[in-house]
1. Could you work out how far apart the two model spin labels at Gln227 and Lys194 are, taking each label as a point 7 Å from the Cα in the direction of the beta carbon, and quote it in nm?
2. I'd like the orientation of helix 200-212 relative to the chain: the angle between its Cα long axis and the longest Cα principal axis, in ° from 0 to 90, rounded to 10.
3. Would you mind computing Rg(Cα) / (2.2 N^0.38 Å) for the stretch 196-259, counting N as its residues?
4. Seen from all sides and averaged, what is the projected area of the convex hull of the Cα atoms in the stretch 325-432, in nm²?
5. Where only protein heavy atoms count, and the probe is 1.4 Å, what is the accessible area per residue for the chain in Å²?
6. Using a 1.4 angstrom probe on the protein heavy atoms only, line up Asp147, Asp296 by accessible area, largest first.
7. Using the alpha carbon gyration tensor of the chain, what are the three equivalent-ellipsoid semi-axes (square root of 5 times each eigenvalue), largest first, in whole Å?
8. Counting only the heavy atoms of the protein chains, how much of Lys257 is accessible to a 1.4 Å probe, in Å² to the nearest 10?
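The values are calculated or read from the model by the stated rules, or taken from the named source; none is laboratory data. Predicted, not measured: the structure shown is a model, and the values here were computed from it. When we count neighbours, we look across all protein chains shown, and the Cβ atoms used for this are built from the backbone with ideal geometry, even at glycine. Side chains included, ligands, DNA and RNA excluded: accessible areas come from the protein's heavy atoms. Shrake-Rupley method; radii C 1.70, N 1.55, O 1.52, S 1.80 Å.
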Amino acid sequence: MKATQVLKIQGGTPLQGHVKAAGAKNAITKLLVASLLSDKPCRFQNVPDIGDVEVTVSLCREIGMQVEWDRSSGSMEVVTKELRTSYIPQRFSGANRIPILMIGALLGRTDEDIIIPTVGGCNIGPRTVNFHIDALRKLGASIEYRDMKREGAYLAHAHNGLIGTAIELPYPSVGATENIILAGITARGVTVVKNAAIEPEVIELILFLQKLGAIITFDVDRTIRIQGTRRFYEVEHTVISDRIEAASWGMAAIATKGHIFVEGAQHHHMITFLNKLREVGGGFAVKANGIEFFYDGPLQGGLHLETDVYPGFSTDWQQPFTVLLTQASGSSVAHETVYENRFGYTETLREMGADITLFRQCLGGKECRFISHTCSHSLIVRGQTPLEGKNIAIPDLRAGFAYIMAALLAKGTSTITGLHYLHRGYERLTEKLAQLGACFELAESRQVPAPSLEEALLDDPKLRTCLHT
């Protein structure tokens, strides 16, 4: 039986020092899919050595991509001279958000039927998948769902080619926007996407595609226009820094009363986050090559936090910010408007001593699309509350970092399992904790067999709910 790693954190030590934010997980994975549009080499720099990239590379290799990845330097060169297959094996079902994006990319590369596995009845709801399917059908794709073996799959093709059209999304879904863009690159005529997502990672995809050969523009009213093309070029591209990781370390610095310089943190990607940080009394200073985060005195609650699509407050910042608010005096409100099931992590925080109450109502400046749902999507957190160390099982990536923060704050020792979730999106996490002076140790547990990182990502049923917007 192979051992698994367990992280034991002794709380109470302020984090001090310097870390470098890795390349953005939600950018490089989409760029790799986009490179499938052409048979030209693409070279990437600042590629993070994380689980989601490993899975995406495995998926792309499966269908014919050649990959050379120097993990130590963060460089990667890929080329897909020809597709080996247009069938994505079912073991990739729900591993991350990438399989569904393969439809948009491959429709312009092959006349063969494309088979993309997915899981029916996704816990987050079928709505987000429908955004993808409905939009691609408007471009001329034929897509149907079929039961295959243990799980279902989408069968897609465009035997007569795709034709550009105007599409207005009912919600500015990141994944649906990206899928439409990928399909629109090789569609005849012009594709117009209204109410599109404009997250930095979407803009990063647009910039990459322009280098690749696309004629593509975006306007301030969330409208993206793509003029179809089939002439492509070699590309060299440096991946943007991960704004979620950068903010995570910033919150950890302030919560532990420490001081961290996050190299690569980009001011213009974090404006809304920095505003909320300043409202609660957190300190930061923007430098030429990053952002310095520091404790600047007692934190003040009374904050209203509402997640939203960009340029709003990112849903992935919400969990660690809630931990930060447990250390702020007074009561604060968080209203989750992006995902309907995002507050499961608060149960563990309450067991550690946090004063958090959940509500089904919209406690926000606006009524969100979950107003008629039965899920809890608002909370009130009251601080300042001391936290106690406990045994913690990480359920997902972002909750995972929130638990790391809580353990760093807590009195006593916290024992954390499920570290493979963190490896999905945080590069060399324990190395960075060591750099910052955290008091911890990595131990081994032989209670359960340890899966490989790819096995953990592909086979864990909890990860099969990761097909979000």
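1. 2.2
2. 30
3. Details: Rg = 16.9 Å, N = 64, 2.2 N^0.38 = 10.7 Å.
Ratio of Rg to 2.2 N^0.38 Å for the stretch 196-259: 1.58.
4. 7.3
5. On the way: 18080 Å² over 469 residues.
About 39 Å² of surface per residue is accessible.
6. Result of the area sort, largest leading: Asp147, Asp296.
7. Details: eigenvalues 269, 112, 97 Å².
Semi-axis lengths for the chain are 37, 24, 22 Å.
8. Here the residue's solvent-accessible area equals roughly 110 Å².
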